[in-house]
Amino acid sequence: MIELKEVSKKFGDTQAVNLVSFKVDEKETLVLLGTSGCGKTTTLKMINRLIEPDEGQILINGEAITNQDPDTLRTGVGYVMQNIGLFPHYTVAENIAVVPKLLKWDKEKIKTRTQELIKKLHLPENSLSMFPHELSGGQQQRVGLARALVADPAVLLMDEPFGALDNVTRTSIQKEFKGLEELKRKTIAMVTHDVQEAFELADRICLMDRGKIIQIGTPKELLYRPINDFARKFLAGQRLALEFKVVNLQDIWSYLPKGTLQDGKSLSDDLNIWDAMELLRSSDRSQLLVSGANNERKSVNFEQLTKGFNEFQNTQAHE
Ligand SMILES: Nc1ncnc2c1ncn2[C@@H]1O[C@H](COP(=O)(O)OP(=O)(O)O)[C@@H](O)[C@H]1O
Ligand SMILES: [Mg+2]
């Protein structure tokens with residue numbers, strides 16, 4: 001769907017992006033992860049021609065974007081800017097209507113679609129006539145997302161979409177974002193410097209440093225198969241929390257004891273360790289009933305969960 005082939009960009013003496021190549025498959029979320037200044041924003045902006053590369057090629061749907069008119073391109077590619085980037089002197093409704101107006105939609109169509117998005121993104125109805133500064137950071141973020149989604153583009157580019165939010169708001173918006181039907185259909189390239197966020201939202205992560213790609217892979221691959229010291233160290237600080245999120249009950253299934261047969265509603269084995277622990281902690285249950293392959297069922301308590309996880313970790317370390 002999106003393909004970059006050996007793309008480079010220099011600003012004066014700064015090599016912002018250096019021979020970057022990757023693909024984002026249809027309906028996939030690829031997260032560009034790296035510290036500030038490593039070239040994430042520049043890479044993203046080249047995909048919708050806000051910045052032109054010095055070298056290399058970018059294709060969307062197999063066609064070079066240089067053959068596509070920049071304005072047409074931008075209406076087919078939704079863009080959520082870093083620091084939200086709403087027009088301060090436009091109302092919320094006007095902010096959302098920017099692309100539809102470019103596309104010459106009639107008033108009624110703009111209104112219907114805007115109202116639909118306001119509902120889906122849980123913005124108050126009366127916010128449409130407000131100005132961005134009258135909204136909370138989280139609400140502004142939702143307007144930014146509505147603006148990017150309004151013309152239902154197949155491709156969505158998001159630059160630190162939750163970067164301007166406090167931690168609590170950020171975590172809850174991330175969860176909501178993951179559940180949005182409208183986003184599940186889209187091919188998404190997203191930028192963040194936040195490791196947790198990347199792990200939460202990515203199908204695959206593209207780890208960058210000083211304009212170059214260090215490693216591309218699933219969160220699990222980055223954790224358990226880091227390609228070099230840089231990749232290992234990048235995740236080191238939050239390693240345990242990340243492991244709890246990427247390892248699921250399926251991974252530790254063989255280390256769990258055979259359970260006694262029980263009736264009742266069972267959980268799926270794609271539940272991750274973190275969520276399983278949360279469930280055990282927040283409910284009065286001392287064990288969870290889980291369904292694995294071939295409808296095999298096991299009951300898991302906290303101790304078995306921890307033990308299974310440790311055994312899984314050991315096998316990973318020895319490979
Ligand atoms: N318009 C510009 N003019 C000069 N230097 C720039 C410009 N945009 C970005 N840079 C430089 O290019 C590098 C990468 O920037 P950027 O892509 O914004 O990084 P990131 O989004 O990962 O923080 C940085 O060193 C930055 O200072
Ligand atoms: Mg940036």
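The values are calculated or read from the model by the stated rules, or taken from the named source; none is laboratory data. Since the model is a prediction, treat every value here as computed from it, not as a measurement. Cβ sites come from the backbone with ideal geometry, for glycine too, and all protein chains shown count toward neighbours.
Just need a number here: residues in the range 41-84 that are at positive phi and either within 14 Å of ligand 1 (Cβ to nearest atom) or modelled with pLDDT of 95 or more (or both).
First, the residues of the range 41-84 that are at positive phi: 49, 56, 61-62, 83-84.
Then keep just the ones that are either within 14 Å of ligand 1 (Cβ to nearest atom) or modelled with pLDDT of 95 or more (or both); that gives 56, 83.
Result for the range 41-84: 2.
If C38 passes every condition in (1) within 12 Å of ligand 1 (Cβ to nearest atom); (2) more than 20 Å from V150 (Cα to Cα); (3) out of contact with any Lys or Arg (no Cβ under 9 Å at 6 or more places or on another chain) but one, which one does it miss?
With (1) within 12 Å of ligand 1 (Cβ to nearest atom); (2) more than 20 Å from V150 (Cα to Cα); (3) out of contact with any Lys or Arg (no Cβ under 9 Å at 6 or more places or on another chain) applied to C38, the lone miss is (3).
Given (1) part of a helix (DSSP H, G or I); (2) over 27 Å from I2 (Cα atoms); (3) not basic (K, R), identify the lone condition not met by Q196.
Of (1) part of a helix (DSSP H, G or I); (2) over 27 Å from I2 (Cα atoms); (3) not basic (K, R), only one is false for Q196: (2).
Which residue is nearest to N61 (Cα to Cα), if the candidates are limited to the range 1-35 and must be polar (S, T, N, Q) and within 16 Å of ligand 1 (Cβ to nearest atom)?
Looking at residues that are polar (S, T, N, Q) and within 16 Å of ligand 1 (Cβ to nearest atom), I get S8.
Over 22 Å from S21 (Cβ atoms) and either touching a strand residue (DSSP E or B) at 6+ places or on another chain (Cβ under 8 Å) or touching a residue at least 60 places away in the same chain (Cβ under 8 Å) (or both): does that describe F177? Give the derivation first.
Details: over 22 Å from S21 (Cβ atoms): yes; either touching a strand residue (DSSP E or B) at 6+ places or on another chain (Cβ under 8 Å) or touching a residue at least 60 places away in the same chain (Cβ under 8 Å) (or both): no.
Taking the combined requirement at face value, the residue does not satisfy it.
Give the range 36-57 a look and list any residue that's away from ligand 2 (no atom under 16 Å from the Cβ) and crowded, with 20+ Cβ neighbours inside 10 Å, or say none. Before you say what the answer is, go through the steps one by one.
Step one: list which residues in the range 36-57 are away from ligand 2 (no atom under 16 Å from the Cβ), which gives 49, 52-57.
If the condition is that a residue be away from ligand 2 (no atom under 16 Å from the Cβ) and crowded, with 20+ Cβ neighbours inside 10 Å, then P53 is the only one that fits.
Which one is farthest from ligand 1 (Cβ to nearest atom) among residues in the range 147-165 that are over 22 Å from K40 (Cβ atoms) and surrounded by fewer than 22 Cβ atoms within 10 Å (Cβ to Cβ)?
Kept after step one, since they are over 22 Å from K40 (Cβ atoms), are these residues of the range 147-165: 150-152.
Applying the additional criterion that residues be surrounded by fewer than 22 Cβ atoms within 10 Å (Cβ to Cβ) yields 151-152.
Numbers: A151: 25, D152: 27 Å.
Here the residue is D152.
On the given criteria, is E197 within 16 Å of ligand 2 (Cβ to nearest atom), among the charged types (D, E, K, R) and within 29 Å of T72 (Cα to Cα)? Working first, answer last.
Working: within 16 Å of ligand 2 (Cβ to nearest atom): yes; among the charged types (D, E, K, R): yes; within 29 Å of T72 (Cα to Cα): no.
No, not satisfied.
Test L59 against the stated conditions and say whether it is more than 23 Å from T192 (Cβ to Cβ) and without any contact (Cβ under 8 Å) to a residue 40 or more places away in the chain.
Numbers: more than 23 Å from T192 (Cβ to Cβ): yes; without any contact (Cβ under 8 Å) to a residue 40 or more places away in the chain: no.
Considered against the rule, which asks whether it is more than 23 Å from T192 (Cβ to Cβ) and without any contact (Cβ under 8 Å) to a residue 40 or more places away in the chain, L59 comes out as no.
Taking the range 69-119, which residues are surrounded by fewer than 13 Cβ atoms within 10 Å (Cβ to Cβ), of a type in the set (D, E), within 21 Å of V155 (Cβ to Cβ) and free of Cβ contacts under 8 Å to residues at least 24 places away in the same chain?
D69
For the range 1-29, how many residues meet the condition of being out of contact with any Asp or Glu (no Cβ under 7 Å at 6 or more places or on another chain) and under 19 Å from L222 (Cα atoms)?
Number satisfying all stated conditions: 4.
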